[in-house]
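The values are calculated or read from the model by the stated rules, or taken from the named source; none is laboratory data. Here the structure is a predicted model, which is why all the values come from computation and not from measurement. No Cβ is skipped: glycine too gets one built from the backbone with ideal geometry, and neighbour counts run over all protein chains shown. Keep in mind that these areas ignore ligands, DNA and RNA; they rest on the heavy atoms of the full protein, side chains included. Shrake-Rupley method; radii C 1.70, N 1.55, O 1.52, S 1.80 Å.
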Amino acid sequence: MNFLTLRIDKNITEQHLYKDVGGIPYALAKYCGYKCDFAYFDNGKKIEDKNYERYVKLIKLEYSSSKILNIFRLVKFICRNAEKYDVLNLYHGEVNLIFLSYIAKIKNPNIKIYIKLDLGRNFYDKLINLDKSNKLKYKILSKLNKIVDLYTVETKAYVNELNKIKKFHGKVKYLPNGFFSDLVEVNKNIKKEKIILTVGRLGTVAKNTEMFVEAIEGIATEKLKDWKIYLVGSMTDKFTDWFNDILNEKPYLKEYFLLTGNISDKKELYTLYARSSVFVLPSRWEGFPLVLPEALYFRCYPIVTNSFDGVVDIIKSNFGKIIPNEDKSALSSAIEEILNNKIDYIKNGQIAYDFVSKKYDWKAIIQTLDKYFKEEI
């Protein structure tokens, strides 16, 4: 089967190749034998990845500051290439992409349109309330969206509610984001160390790393003992200044915190997951954080805010902890349970691994998407 992912976001980089946007064509090609292409607007740099390009052809589209010229180039690309593909994969379902879908169907009536909704809580709420806020727009979108053959969403609870909306015509199905367990070779059975880890864009409003630091700051040092706190990811200037101020006021915290910066090398990052005992996700909001199934795969005990509705799908009470959003006290208490040996984080980490290996490895997830396509085509 011939499959095309088209992303019109100008900020696509190599980092996106193994996230959901690039991961779906990669997984379809690697595990299901599809012939996959990934077309993207350049950002002044050609994307290259030898391993990825063994399975997926990368097609660079020239980006212009003129929206009209970009639309023309997209239409031209679709007109020239639609007949080659069985499935066209788009994201989010904006009106301009529905327009491209119609052009693709005109050029190839047999092509199937697959839109990955990639929904966070805010976008979901807007969709649910769309018919109430603008009835005319809702009616128009409902008619236009009949052309879409399949939608997927990452949260189980969203599926039934979205299928009640006429706009989606009952075509929404569940498909979580996943991780690639075979991307690099790492000994996931490395002996666990007393490391509490977070991974993300440190200092951004969404990630709320400050709450994590403050939660640790409020814990008595005799409880921290030999534990280390790893903060992994790029940092905003504001966060850097704020964190340095914290260390200047309380220099003893330097003994516990390690800032690694961004770790782009997957083997290095996965090895750190494997060494770590606890993974903390203190975010204010998320869509579906890929770092979470990665951490669980490497047997980390998770402490996660209820920052996205899909958290209940991936974190279960028998191996992890969900705390209220923006609740520093709850985060401190959850961490102290670990430090006081009230939680068997080694045993729980093994249970977490068993769960995500079956549910969130792309090797398993992509078989479900393949089944959806075979039902449609």
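Got a sec? Which strands (runs of 3 or more DSSP E) wholly within region 1-89 have at least 3 residues that are under 21 Å from the mean Cα position of the chain (by Cα)?
2-7, 35-41
Quick test of your reading of the structure: Y360 fulfils all but one of (1) closer than 25 Å to C36 by Cα; (2) of a type in the set (F, W, Y); (3) over 22 Å from the mean Cα position of the chain (by Cα). Name the failing condition by number.
(3)
In region 228-241, which residue that is touching a strand residue (DSSP E or B) at 6+ places or on another chain (Cβ under 6 Å) and closer than 14 Å to T198 by Cα is surrounded by the fewest Cβ atoms within 10 Å (Cβ to Cβ)?
K228
When only residues in region 264-295 that are modelled with pLDDT under 95 and outside any helix (DSSP H, G or I) count, which is most open to solvent (accessible area, probe 1.4 Å)?
Top of the filtered list is W285.
Check E376, E336 and return the single one that is open to solvent by 20 Å² or more (accessible area, probe 1.4 Å), at pLDDT 95 or above and of a type in the set (D, E).
After applying the criteria, what remains is E336.
What is the one condition in (1) of a type outside the set (D, E); (2) open to solvent by 40 Å² or more (accessible area, probe 1.4 Å); (3) modelled with pLDDT under 95; (4) in contact with a Phe, Trp or Tyr (Cβ under 8 Å, 6 or more places away or on another chain) that S65 does not satisfy?
S65 satisfies every listed condition except (4).
If I go through region 139-178 residue by residue, how many of them are of a type in the set (D, E), more than 13 Å from I113 (Cα to Cα) and in a loop (DSSP other than H, G, I, E, B)?
The total comes to 1.
Quick grid of which residues meet (1) touching a Phe, Trp or Tyr at 6+ places or on another chain (Cβ under 9 Å); (2) open to solvent by less than 50 Å² (accessible area, probe 1.4 Å); (3) without any contact (Cβ under 8 Å) to a residue 60 or more places away in the chain; (4) over 20 Å from H92 (Cα atoms):
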{"position": "L6", "(1), (2), (3), (4)": "yes, yes, no, no"}
{"position": "Q15", "(1), (2), (3), (4)": "no, no, no, no"}
{"position": "V21", "(1), (2), (3), (4)": "yes, yes, no, no"}
{"position": "P25", "(1), (2), (3), (4)": "yes, yes, no, no"}
{"position": "A29", "(1), (2), (3), (4)": "yes, yes, yes, yes"}
{"position": "I47", "(1), (2), (3), (4)": "yes, yes, yes, yes"}
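State whether the residues of region 27-39 include one that is at pLDDT below 95 and either touching a strand residue (DSSP E or B) at 6+ places or on another chain (Cβ under 8 Å) or of a type in the set (S, T, N, Q) (or both).
no
Which numbered condition trips up I113, out of (1) buried (at least 17 other Cβ atoms within 10 Å of the Cβ); (2) assigned to a helix (DSSP H, G or I); (3) free of Cβ contacts under 8 Å to residues at least 40 places away in the same chain; (4) under 23 Å from the mean Cα position of the chain (by Cα)?
(2)
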